[in-house]
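First comes the structure, then the notes that go with it.
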Amino acid sequence: MDFAFDARTEELRARLLAFMDEHVLPAERVAEEQRAALASPWDTPAVVGELKAEARRQGLWNLFLPDSEDGAHGAGLTNLQYAPLAEITGRSPQLAPTALNCAAPDTGNMEVLAQFGTDEQKKQWLEPLLAGEIRSAFAMTEPEVASSDATNITTRIRREKGGTSRSSGAESGGEYVISGRKWYISGAMNPDCKIFIVMGKTDPDGPDIRRQQSMVLVPRDTPGVEVRRAMRVYGYEDHYHGGHAEVVFDEARVPVTNLVGEEGGGFAIAQARLGPGRIHHCMRLIGMAERAIELMCRRAVARTAFGKPLAQQGVVQEWIADARVAVEQVRLLVLKTAWLMDTVGNKGAHTEIQAIKIATPRAVVDILDRAVQLHGAGGVSQDFPLAELWAAARTLRLADGPDEVHQRSLARRELKRYL
Ligand SMILES: Cc1cc2nc3c(=O)[nH]c(=O)nc-3n(C[C@H](O)[C@H](O)[C@H](O)COP(=O)(O)OP(=O)(O)OC[C@H]3O[C@@H](n4cnc5c(N)ncnc54)[C@H](O)[C@@H]3O)c2cc1C
């Protein structure tokens, strides 16, 4: 077993670490200052555009996307090669993933379009996304139903048939009419978010509850689409991620050519979309934990209480040691999962993907909590990133499937062997 990264990964890691030190970390404060002066808090600070241009110039762009068969401009990295790079971006989760065009939910949406989109859809939406010119959102969760069970989704996608072609006599065109209410739709508050991938039911009474759903592309400016309000996350509005919006679709009409994949294929696409997304989140979480450990150590050596530096308090040493052990554990599991995804595919890595989705946010929330504690009042303040990182990490015990749903499915597979 070889635990070393390969030469390409090492080379990219070195370049990315330099990019973080020279450009991203210094931009954090600048972005805050610029945002305070913006007309709307949902606009993007200018420095983000500068970071994107620089990352692209340096070839640190679209690293998440493996080259697809039609050569859809990904960096062509394996999951195992991308994992340590995503981890590095997790040190500055507000800026770095966006700077590299590797931010959720665009990454998952680009994967869906690359995998299931038609040529026309790719041209219209995937290309500007890959170029970092627009942003996108994925709209599945609904306030009215337990959305961790995607079969509950009630948004209706009704097909209205078009006329018949005069020349061929074949049925032509037609529209999908979308009605429903979604919430926690990440990225949707950002005015650059131009396209929603919406999951709803095309066949609500169909016999197979996993074939009732479809996905359609709904441009933001479609009449009947209302981005109603920004939902908060522990009080944060998450401006850098374009917020998490409540979005209402009131008889919004799109041409039938906006269907993604096939009718009835929505559930399967949602499953396919979440595999890589989950591992990306876990990688970035580990980077967040590394930043927390660094801040903990710096604070512990710099502050003195009751006559000695905090670093010399046994309990503080215990926190730091436990944090290091936990990070090493989850990193190994995440890397093993990445390797499995590369070698046996996302399906073959199912158990491990669930395991990391359960283990990583828990471990990282715990580390961030200790880091907050060590910083005293500063830990919950806006002067350190810890409180916001904690809130972001905590939400990942819910987003992309709550812990309990993964536990249930993992336990079932484990138990099956004994039944
Ligand atoms: C910050 C953030 C960003 C998000 N971004 C998006 C987005 O971009 N697009 C999108 O569509 N959604 C998004 N979501 C929504 C997220 O995916 C859902 O919150 C999640 O799937 C859970 O659905 P729910 O909130 O309806 O909870 P429910 O389904 O109502 O579940 C509530 C709780 O019930 C328990 N539970 C559920 N099922 C089981 C079970 N089988 N066994 C035991 N306990 C169970 C769990 O504890 C669960 O947390 C986001 C959420 C957050 C917090």
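The values are calculated or read from the model by the stated rules, or taken from the named source; none is laboratory data. On a predicted model such as this, the values are computed, not experimentally measured, just so you know. Here the Cβ is made from the backbone with ideal geometry for all residues, glycine too, and neighbour counts use every protein chain on show.
Is it fair to say ALA338 is over 21 Å from the mean Cα position of the chain (by Cα) and not in a loop (DSSP other than H, G, I, E, B)?
In short, no.
Collect the residues in the range 397-412 that are in a helix (DSSP H, G or I) and either within 6 Å of the ligand (Cβ to nearest atom) or β-branched (Val, Ile, Thr) (or both), keeping them in residue-number order. Reasoning before the result, please.
First pass over the range 397-412, keeping only residues in a helix (DSSP H, G or I): 403-412.
Answer for the range 397-412, where residues must be in a helix (DSSP H, G or I) and either within 6 Å of the ligand (Cβ to nearest atom) or β-branched (Val, Ile, Thr) (or both): GLU404, VAL405, ARG408.
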Worksheet item: Can you name every residue in the range 231-245 that is surrounded by fewer than 21 Cβ atoms within 10 Å (Cβ to Cβ) and within 21 Å of ILE153 (Cα to Cα)?
Response: MET231
Fill in: Options ALA83, ALA103, ALA114; residue that is outside any loop (DSSP other than H, G, I, E, B), surrounded by 20 or more Cβ atoms within 10 Å (Cβ to Cβ) and within 15 Å of the chain's Cα centre (by Cα)
ALA83
Worksheet, complete the sentence: Among ALA146, ALA230, ALA188, the single one that is outside any loop (DSSP other than H, G, I, E, B), within 12 Å of the ligand (Cβ to nearest atom), of a type in the set (Gly, Ala, Ser) and not assigned by TED's automatic domain parsing to the domain that holds ARG273 is ALA230
Worksheet item: Any chance the range 342-362 includes a residue that's assigned to a helix (DSSP H, G or I), over 15 Å from GLU290 (Cβ atoms) and in contact with a Phe, Trp or Tyr (Cβ under 9 Å, 6 or more places away or on another chain)?
Response: no
Discussion item. Can you tell me which of (1) within 30 Å of ARG181 (Cα to Cα); (2) crowded, with 17+ Cβ neighbours inside 10 Å is the one MET288 doesn't meet?
Written reply: (1)
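Results for (1) of a type in the set (Asp, Glu); (2) touching a His at 6+ places or on another chain (Cβ under 9 Å), shown as yes or no for each residue.
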position	(1), (2)
ARG291	no, no
ARG299	no, yes
GLU328	yes, no
THR337	no, no
VAL365	no, no
HIS375	no, no
GLN382	no, no
ALA392	no, yes
LEU396	no, yes
Practice prompt. Mind telling me which of the residues ARG56, ARG29 ends up being in contact (Cβ under 8 Å) with a residue 60 or more places away in the chain, in a helix (DSSP H, G or I) and among the basic types (Lys, Arg)?
Written response: ARG56
Worksheet entry | Neighbours by Cβ (under 9 Å, 6+ apart or cross-chain): first from the range 398-409, at positive phi; second in a loop (DSSP other than H, G, I, E, B) | ASP400/ALA104; GLY401/SER148
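Table: residues versus (1) at pLDDT below 95; (2) within 30 Å of ALA18 (Cβ to Cβ).
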| residue | (1), (2) |
| --- | --- |
| ALA86 | no, yes |
| ALA96 | no, yes |
| GLY108 | yes, yes |
| LYS122 | no, no |
| TRP125 | no, no |
| ALA137 | no, no |
| TYR176 | no, no |
| LYS182 | no, no |
| ASN190 | no, yes |
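Return the only residue of GLY200, GLY224 being crowded, with 23+ Cβ neighbours inside 10 Å and either among the small types (Gly, Ala, Ser) or farther than 18 Å from ASN109 by Cβ (or both).
GLY200 is the lone residue from the list that is crowded, with 23+ Cβ neighbours inside 10 Å and either among the small types (Gly, Ala, Ser) or farther than 18 Å from ASN109 by Cβ (or both).
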Worksheet item: Listed residues PRO41, PRO45; which is surrounded by 14 or more Cβ atoms within 10 Å (Cβ to Cβ) and not assigned by TED's automatic domain parsing to the domain that holds PHE384?
Response: PRO45
Worksheet item: Among ARG324, ARG291, ARG299, ARG273, which is the only one that is of a type in the set (Lys, Arg), over 23 Å from ALA411 (Cβ atoms) and either touching a strand residue (DSSP E or B) at 6+ places or on another chain (Cβ under 9 Å) or in the same structural domain as ARG211 (by TED's automatic domain parsing) (or both)?
Response: ARG273
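Results for (1) within 16 Å of the ligand (Cβ to nearest atom); (2) touching a helix residue (DSSP H, G or I) at 6+ places or on another chain (Cβ under 6 Å); (3) under 25 Å from PHE267 (Cβ atoms), shown as yes or no for each residue.
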| residue | (1), (2), (3) |
| --- | --- |
| GLN94 | yes, yes, no |
| PRO97 | yes, yes, no |
| LEU100 | no, yes, no |
| MET110 | yes, yes, yes |
| GLU120 | no, no, yes |
| LEU126 | no, yes, yes |
| ALA131 | no, no, no |
| ALA139 | yes, no, yes |
| GLU142 | yes, no, yes |
Practice prompt. Would you check if ILE195 is assigned to a strand (DSSP E or B), within 11 Å of the ligand (Cβ to nearest atom), under 22 Å from the mean Cα position of the chain (by Cα) and β-branched (Val, Ile, Thr)?
Written response: no
Worksheet entry | CYS282 farther than 29 Å from ARG156 by Cα, without any contact (Cβ under 8 Å) to a residue 24 or more places away in the chain, of a type in the set (A, V, I, L, M, F, W, C) and not in a strand (DSSP E or B) | no
Discussion item. Between ALA139, ALA83, ALA39, which is hydrophobic (A, V, I, L, M, F, W, C) and farther than 23 Å from ALA272 by Cβ?
Written reply: ALA39
Worksheet, complete the sentence: Per the list (1) modelled with pLDDT of 95 or more; (2) assigned to a helix (DSSP H, G or I), residue check on GLU133 breaks on (2)
